[in-house]
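Reading through the structure tokens given below for one structure.
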Amino acid sequence: MEGKEKKNVFYVISVALILIVCCLIVFSLFNGKKENSNLEILELDKVNNSTCKTIYVKKLDNNEDYEYSFNNGMNWQKSNYKVICENTTYKIMVMKKNEIIEETDYAVQDLKEDGPKIEIDFDEVEKYTGEENLLNGVTANYSNEDITDKIEAKITEETNDYILIHYSVENNEGIKTTVARKLDKYIGNTISYDKSSYTCKEGEIIQTKITVKSSDELANIKSYNSGNTNVATIDIGWKNGNETIQTNCINCQYVEITCEKAGTTILRAESTTGSTTTSTVVVEKETLESQNKGSISYDKSSYTCKVGETITATITATSNDGLARVKSYSSNNVNVAIINKHPTFTANCLNCEMVQITCKGNGTTTLKAQSSTGATTTSTIVVEKETLESQNKDSISYDKPSYTCKVGETITATITATSNDGFARVKSYSSNNTNVAIINKHPTISANCLNCEVVQITCKGNGTTTLKAQSSTGATTMVNIIVKKENASISFNKPLYTCKDGGTVSVYVSSKSADGYCYSSFDIDNGDVAKIERSYSSGTDGDDCELIIVNCKNVGTTSIKAISTSGEVATATINVEKSTSSISYSESSYTCKVGDTIKTKINAYSDGALAIIKSYSSNNTRIATIENGWKMDNGMILTDKCINCANIEITCKSVGTTTLKAESSTGVTTTSTITVTSN
């Protein structure tokens, strides 16, 4: 037994030694970690022996690589202090460069005193606007009686975003209590468009403004966009030609809304303080007026005449730019009525045309007209049944409804008269303007019929005139003859135009027309590749007398066609290539100290559409903020002098690293890193 007891004693001693060694190792390791972090916990700010404490965690060597976090069973909160007003146990974690150095439990107990207590109630006080409002909405209760006259408040911490306030109350019996409360700083943050809704036509542009109201003087527009860019788009600044007009206010942004297509979309906007707003845009269907086609009309919606009668009408064209002209007019059924330029009367207005309608046969037809801007109109003419008198006159006609020739050319025409009794003959024929064309009996050809006449027309000068003829029975007829310049033509100044998607290209057209005017019609085969944005005309034909601005929409190739008032046709090719866009900060990274400001610039580039700075922001505004313009010592804001750049000012607020973003109007983005160090 003694040997067995000795073994047992030896066994117990061995186990004890092993346990002691393990404890020493653990203690050594624990002390090693603690020495590494050199952690010290201080209890401070025991105001009036109240029930609240501020617990500080401090690193004695002030090494800023260490971070401290508190956890009371919920989420970790990074800080080097904690205000505690109740019995609880906090876990404190020390980290260095994302590595956990130490975790320590710290108990706060028996803080509350026995006996009657004072409770502090808060109304809806959520924001702080100044020290004069510290006590607003605060009430202290003791034994069901309010004692608001003994409340004191003290700001114990203040940042750009919040303040920490200690509310202290003492009743008549000397019982005291303190409550710490964190309040967000700024009140009344709002953002709004100038209008809650906008209405516009397709192709129309609206210039408006977004405004931020806040007690934060640095509050600004963070972002804005359209919910449906097919209906309407929104861009920075007001456009004046190729120049973008910026603003001089800190808390607002002038924007331009482009109404693209019929429909409804929502515009959104957000401020740097987190406020948001919306506005509705209703885009209505394009009208002729909004397309700048304007209008064209006859002086009557309908006309009535007898067979053989001639009546006069006026056609008038209008447009927004006042440059519309009457381009063409015709009758749908020349056997019922024909319409020609009035042979003897010139209208006193540039945008109207006097025409002569010859009523030829019983029935109804439609008269058409088109303006130089593409607007069209119709009018009805009813030709009543022939009377006996008109039947006896029978008819006379040229062998063609109209004639075309060049200056100096001679052509032949045949005039035929008919009557019921077969005795009608061609009595006379003439030209209304002998400076344009003259008509005479053909000198060498005799017709083989008794009731016809072969005539010779000499084309003398550029223009249009009317050829008349009358039969022996009193019937009359008229036809137009158009005499063109020998070199009448239309052409583009280049056979091929190249542009980038999202950009525009200027296309020039030269024209030498029969009537001396430079008003052509234009068409593009594929509207998905390019479309005509607008056109300008000098009014008089010649070299480069018309300018067409073509909007290059998508990559591809299409053709553009021009047709002069004389009927000449020219075509050219438009090739739309992919554009190259970029955006960048002046530096790929920045370094500053807390409280510093950095003046720098963002630059955008595009070889297609005009590239401007659309938006820019900081990923973490607690570390650094980015604002429009440079702030001068006198308080003025230095804005941009270039279209595709933005002067910006970065404010370094607290230690850390954040990413600056920026986006251009062409959709490309960029980033730059900013690192803020302590003073």
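Some values worked out for this structure:
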quantity: Hz values of 3J(HN,Hα) by residue in the stretch 453-465 - Karplus curve (6.51, -1.76, 1.60), Gly and Pro given as x; calculated: 9, 8, 10, 10, 10, 9, 8, 9, x, 4, x, 10, 9
quantity: Potential extension, S582-N526 segment - 0.36 nm per residue separation minus Cα distance; calculated: 17.3 nm
quantity: Calculated FRET efficiency for the pair T498/N440, C-beta based, R₀ 56 Å, to 0.05; calculated: 0.55
quantity: Theoretical FRET efficiency, 1/(1+(r/R0)^6), r = Cβ-Cβ of T677 and N71, R0 25 Å, to 0.05; calculated: 0.35
quantity: Shape call, the stretch 396-474: gyration tensor on alpha carbons, a/c limit 1.5; calculated: prolate
quantity: Mean separation of Cα contacts under 8 Å (6+ apart) over length of the stretch 454-583, as relative contact order %; calculated: 26 percent
quantity: Computed E for I549/T412 - FRET, C-beta separation, R0 51 angstrom, nearest 0.05; calculated: 0.65
quantity: Separation of the T458 and E384 label points, Cα + 7 Å toward Cβ, nm; calculated: 4.4 nm
quantity: Charge tally in the Cβ shell below 14 Å around I338, where Lys, Arg are +1 and Asp, Glu are -1, I338 excluded; calculated: +4
quantity: Protein accessible area in the stretch 458-514, 1.4 Å probe - carbon and sulfur %; calculated: 46 percent
quantity: Amide H contacts of E260 (H built 1.01 Å from N, under 5 Å, at least 5 apart or other chain); calculated: G203, A232, T233
quantity: Mean Cβ neighbour count within 10 Å, used as a protection proxy, ranking 622-630, 375-383 highest first; calculated: 622-630, 375-383
quantity: Counted charge near T666, where neighbours are those whose Cβ lies closer than 13 Å (Asp, Glu -1; Lys, Arg +1); calculated: -1
quantity: Per residue accessible area in Å² of the stretch 441-570, where ligands, DNA and RNA are left out and the probe is 1.4 Å; calculated: 46 Å²
quantity: Exceeding the 22 Å Cα-Cα cut-off - candidates K406/K561; K593/K661; K195/K599; K91/K593; calculated: K406/K561; K195/K599; K91/K593
quantity: Over the stretch 311-381, relative contact order from alpha-carbon pairs under 8 Å, at least 6 apart, %; calculated: 38 percent
quantity: Relative contact order (percent, whole number), the stretch 518-621, Cα cutoff 8 Å, 6+ residue spacing; calculated: 21 percent
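The values are calculated or read from the model by the stated rules, or taken from the named source; none is laboratory data. Everything numeric in this text was worked out from a predicted model, so none of it was measured. A quick note on method: Cβ atoms are made from the backbone with ideal geometry, for glycine too, and the neighbour counts reach across all protein chains shown. Remember, those area values only see protein heavy atoms, side chains included, never the ligands or the DNA or RNA. Shrake-Rupley method; radii C 1.70, N 1.55, O 1.52, S 1.80 Å.
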